[in-house]
């Protein structure tokens, strides 16, 4: 059964909210299934109202964790937190770019992009691989690399367990 | 070309007025140093802004600066110009290249193999070892031997750029301050008369920088190490092994040959009108033989482990041919002291601390060997103008030792300030990047590392010793 993920935006003091949510997770022995937006570069893009920094916290969580937290908050209406937004995540995407002089890392990147989880696809992918045999070898005063693999793109798709973990 | 023709006319006019006995530095105009400035700026800036162009065309750019100086210089000064260039090439350039070639060849035949785990303790130990050996096999040789070992040990780590930065600080620069073999400027000093063991008096200065650097590194690496995921348990543990260890004997031979040339006085010979000391010719011959012996007795696979190629030596030979040509007017003007075109400038450089910081400032952005020569000549011109260089150097050591300390330390230490400060810096950065390490940018290196970490230590050296 595929896990369903939600994006909840909480209104309230950021540090207090983080403390509450982390304490909640420890107290209920909730492991995983929860990511705070401040800890990861999460940008919903759809929030029209953008309160000042520190007054809201993005969180992505599984349905089960969502139910637990909302249930707990409903029993403490005067705790100072409010739910600004509560939406089910249908699709997600992120931009990526890379630039490496290492053939080994280049091979790893190619493998990752070839073997994405089901439901994900790479869009607007622009790789560029440059090999300059004349630049092979170590230099002291005229350093150039004999290999470069650079590129950028976008990965988009269903927000499943595997993509969440990645 | 217009500038070159004017230089020729200027010099020719002076020669016609009968100033044949006057040192060249008295008559050279200040803009005769432009080719020297040009080649140094080319070495500093082209790798940053046009690396592929520079990689392909650096010999032509070097030849351009060399010819633009040499042709009018020889036209203006005729025999004296030929004499000045021959002196530079036979007494400084050729021995310089031979020593670098020998050290590079021998060090390139030593390969460290084995699996190590990049913990803060091991990394600090490796940096300390590299710092200690840099003075005996050269900063380039020490860097070449150890960089791949330290990269392999830290391959599994996410946060490792700082390891390479401190490697550049310590192994590729600071560590090379104790003998003429450690860093090219110090060997140039040895060639003009600084005794071999004189630089050993810089041990306190070196320790004052190296020990805090190792301590700072240990704390920093410990902080980053805690952020890493657990080290992978490798099923195959390869014991540490030195391939090509017999090259250590050749290295001892190099040390011995250089040492003996500083003490033995069998006599002299004249080659192409230049007075050569037999001990120096013998030393150079022994260095060539040791390098050839290393090539013949070391397996190709051992050198392949270091990705050994002749590229670096070819670069040094070509670039320094240009530097040694174009530096002639600059050194002559500086050695003339108050009688030279830069006399007014030299009056403003007064204390050993000035020499430490000014040599260092130049060395931070331009190659440290010409920086050393420039300020050594400046000091000779200030205190012993127009004296033979050997006499002047001995005078500096006897009466103005602090000035020579400032110049030596400034040239060697400050090379760590930027990627372009010393030749091995770029080599280490390049090897690290090809191993997948995300190295800081040019300014990132300076603002995140060298300015906040090195400059306070250099201030400390100034307070304690100057």
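The values are calculated or read from the model by the stated rules, or taken from the named source; none is laboratory data. Note that this is a predicted model, so its numbers are computed, not measured. When we count neighbours, we look across all protein chains shown, and the Cβ atoms used for this are built from the backbone with ideal geometry, even at glycine.
Filter region A:111-144 for residues that are away from every other protein chain (no Cβ under 14 Å) and farther than 30 Å from residue A:4 by Cα and give the result.
Filtering region A:111-144 for residues away from every other protein chain (no Cβ under 14 Å) gives A:111-129.
Residues satisfying the conditions are A:126, A:127, A:128, A:129.
Considering each residue of region A:97-110 in turn, at least one proves to be in a loop (DSSP other than H, G, I, E, B), more than 21 Å from residue B:53 (Cα to Cα) and within 14 Å of another protein chain (Cβ to nearest Cβ).
With the structure loaded, tell me whether residue B:446 is out of contact with any strand residue (DSSP E or B) (no Cβ under 8 Å at 6 or more places or on another chain), outside any helix (DSSP H, G or I) and surrounded by fewer than 21 Cβ atoms within 10 Å (Cβ to Cβ) or whether it fails that test.
Details: out of contact with any strand residue (DSSP E or B) (no Cβ under 8 Å at 6 or more places or on another chain): yes; outside any helix (DSSP H, G or I): no; surrounded by fewer than 21 Cβ atoms within 10 Å (Cβ to Cβ): yes.
No.
None of B:62, B:105 is buried (at least 18 other Cβ atoms within 10 Å of the Cβ) and away from chain A (no Cβ under 13 Å) except B:105.
Would you confirm, using the coordinates I've provided, whether residue B:425 is away from chain A (no Cβ under 12 Å) and touching a helix residue (DSSP H, G or I) at 6+ places or on another chain (Cβ under 8 Å)? Here the answer is no, as residue B:425 does not meet what is asked.
When you scan region B:228-320 for helices (runs of 4 or more DSSP H) that lie fully inside it, which ones turn up with 3 or more residues that are under 29 Å from residue B:55 (Cα atoms) and away from chain A (no Cβ under 14 Å)?
Working: elements: B:247-263, B:278-297, B:300-305.
Helices (runs of 4 or more DSSP H) meeting the threshold: B:278-297, B:300-305.
Annotation for region A:145-156: at least one member residue is outside any helix (DSSP H, G or I), under 30 Å from residue B:432 (Cβ atoms), free of Cβ contacts under 8 Å to residues at least 24 places away in the same chain and within 14 Å of chain B (Cβ to nearest Cβ).
Regarding region A:59-81, can at least one residue be identified that is within 14 Å of chain B (Cβ to nearest Cβ), at pLDDT below 85 and part of a loop (DSSP other than H, G, I, E, B)? Step through it out loud before you land on a result.
Taking region A:59-81 first, the residues within 14 Å of chain B (Cβ to nearest Cβ) are none.
No, that holds for no residue.
Mind listing whichever residues of region B:17-59 are crowded, with 17+ Cβ neighbours inside 10 Å, within 14 Å of chain A (Cβ to nearest Cβ) and either in contact with a helix residue (DSSP H, G or I) (Cβ under 7 Å, 6 or more places away or on another chain) or touching a residue at least 60 places away in the same chain (Cβ under 8 Å) (or both)? Listed by number, the residues that qualify are B:39, B:40, B:42, B:43, B:44, B:46, B:47, B:54, B:55, B:58.
Would you be able to say whether some residue in region B:398-418 is within 14 Å of chain A (Cβ to nearest Cβ) and surrounded by fewer than 24 Cβ atoms within 10 Å (Cβ to Cβ)? Within region B:398-418, one or more residues are within 14 Å of chain A (Cβ to nearest Cβ) and surrounded by fewer than 24 Cβ atoms within 10 Å (Cβ to Cβ).
Matching residues to (1) farther than 30 Å from residue B:300 by Cα; (2) in contact (Cβ under 8 Å) with a residue 24 or more places away in the chain; (3) part of a helix (DSSP H, G or I):
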{"position": "B:82", "(1), (2), (3)": "yes, no, yes"}
{"position": "B:91", "(1), (2), (3)": "yes, yes, yes"}
{"position": "B:95", "(1), (2), (3)": "no, yes, yes"}
{"position": "B:109", "(1), (2), (3)": "no, yes, no"}
{"position": "B:122", "(1), (2), (3)": "no, yes, yes"}
{"position": "B:126", "(1), (2), (3)": "no, yes, yes"}
